[in-house]
Amino acid sequence: MTQTVLIFSNSLPEDQKARLAERYDLADFSGYADPASAPGFDDALAKAQGAIGVYMPWSADLIERAARLKVLSSVSVGVDNYDVAALNARDIALGHTPDVLTDTTADTAMTLLLATARRVVELAEWVRAGQWTAPVGRDQFGVDVHHKRLGLVGMGRIGAAIARRAAFGFGMEVVYHNRSRKPDTEAEIGMRYVDFDTLLAESDFVCAVVPGTEDTEHMFNADAFERMSPDAIFINIARGSVVDENALVAALDAGGIRAAGLDVFQNEPVSPDHPLIGRNDVVALPHVGSATFDTRHDMARLAVDNLIAGLEGTPMPACYNAADIER
Ligand code: NAP
């Protein structure tokens, strides 16, 4: 019998959707901002052996209602939207998309770092508003990036790619903090391992690139911002949950840090009324770390490869919970 695949976001280009349509019955909810409340969703969920998409949270309750689900394929590397314990309890394979987005996400981190230090958004708006009426002076100056110290919190795939760009491209000194030390990457990049508090105290730029987990929740809280230099710039390319946003607003308001560059927020899409939005010392992006045509296509292809392999019973190219389930 033909298996059913539930599509729960608009993240699949037509050629990748076609690969699924050749093999499976598709229950396609990609047109809905909130697929879980769309008509027919509950029936499709109960029927589906496979599901693919991104952004929609999969709680234990939703997973329980997906009675026949064998493979859940996320078009993302981060798996914070999924109750992994509930998936493991049912031996449901969780596919994700590491590696293919690493360089693009590292580029976005550098974009945020440069844009924030050199006030790119604020000054571009200033030009557009007709305020460039005389040569610029101190009021428009930014701070240097090159040869400054970057503190990376998280030294996985993306952390290492940011470190290479910073060290080899911008002559920055890189220090890092991670759950485990990475001697090979340290030697390759010539960077130092430091404890979290030292990194906060000594870095000109602090960049978060850890996964969103219970352990990392609000890792950047009032205490962390107090430890940073008043000249420090904070970059978050990881997940909104790693930052206590009220503490960040307070730190910016008090001049405890200089500025912040944020790709991710606790609640997305972030409201324009949020206190972090609309201020010159924050560069805010709409979670576009991996959002280029090439990379999003590569992610979709890998996610479809994962789903097909999982449903056909062959090894998935990137299964997040392979070690924790029986197949
Ligand atoms: P990764 O290779 O798994 O790296 C994550 C690193 O974080 C690992 O080195 C891990 O340590 C470290 N870590 C985990 N918990 C920690 C903790 N409590 N304290 C210190 N270090 C900790 O993942 P990745 O591919 O680099 O991606 C990292 C994250 O970036 C993803 O999970 C995702 O949330 C985010 N991301 C965001 C975007 C975006 O669009 N903004 C795009 C892609 C990814 P170990 O080495 O000891 O395991």
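Looking across VAL75, VAL71, one residue alone is farther than 18 Å from ARG327 by Cα, surrounded by 22 or more Cβ atoms within 10 Å (Cβ to Cβ) and β-branched (Val, Ile, Thr). It is VAL75. Being open to solvent by 50 Å² or more (accessible area, probe 1.4 Å), within 16 Å of the ligand (Cβ to nearest atom), of a type outside the set (D, E, K, R) and over 24 Å from THR104 (Cβ atoms) is the filter here, so list the residues in the range 269-327 that pass it. ALA322, ALA323 - these are the residues of the range 269-327 that are open to solvent by 50 Å² or more (accessible area, probe 1.4 Å), within 16 Å of the ligand (Cβ to nearest atom), of a type outside the set (D, E, K, R) and over 24 Å from THR104 (Cβ atoms). The criterion of at least 3 residues that are within 16 Å of the ligand (Cβ to nearest atom) is met, among strands (runs of 3 or more DSSP E) falling completely within the range 70-169, by 149-153. Among the residues of the range 170-180, which ones are of a type outside the set (Phe, Trp, Tyr) and either within 15 Å of the ligand (Cβ to nearest atom) or in a strand (DSSP E or B) (or both)? Within the range 170-180, GLU173, VAL174, VAL175, HIS177, ASN178, ARG179, SER180 meet the criteria. Counting the residues of the range 241-261 that are out of contact with any Phe, Trp or Tyr (no Cβ under 8 Å at 6 or more places or on another chain) and touching a residue at least 60 places away in the same chain (Cβ under 8 Å) gives 2.
Could you please find all residues in the range 46-64 being at positive phi and of a type outside the set (Gly, Ala, Ser)?
Of all residues in the range 46-64, those at positive phi come to 53, 55.
Matches in the range 46-64: TYR55 only.
Checking ASP223 against (1) buried (at least 19 other Cβ atoms within 10 Å of the Cβ); (2) more than 8 Å from the ligand (Cβ to nearest atom), which single condition isn't satisfied? Evaluating ASP223 over (1) buried (at least 19 other Cβ atoms within 10 Å of the Cβ); (2) more than 8 Å from the ligand (Cβ to nearest atom) leaves (1) as the failure.
The values are calculated or read from the model by the stated rules, or taken from the named source; none is laboratory data. Keep in mind that this is a model prediction, so the values were computed, not measured. Glycine gets a Cβ as well: all are built from the backbone with ideal geometry, and neighbour counts include every protein chain shown. For the accessible areas, the whole protein counts, side chains as well, though only heavy atoms, and no ligand, DNA or RNA atoms are used. Shrake-Rupley method; radii C 1.70, N 1.55, O 1.52, S 1.80 Å.
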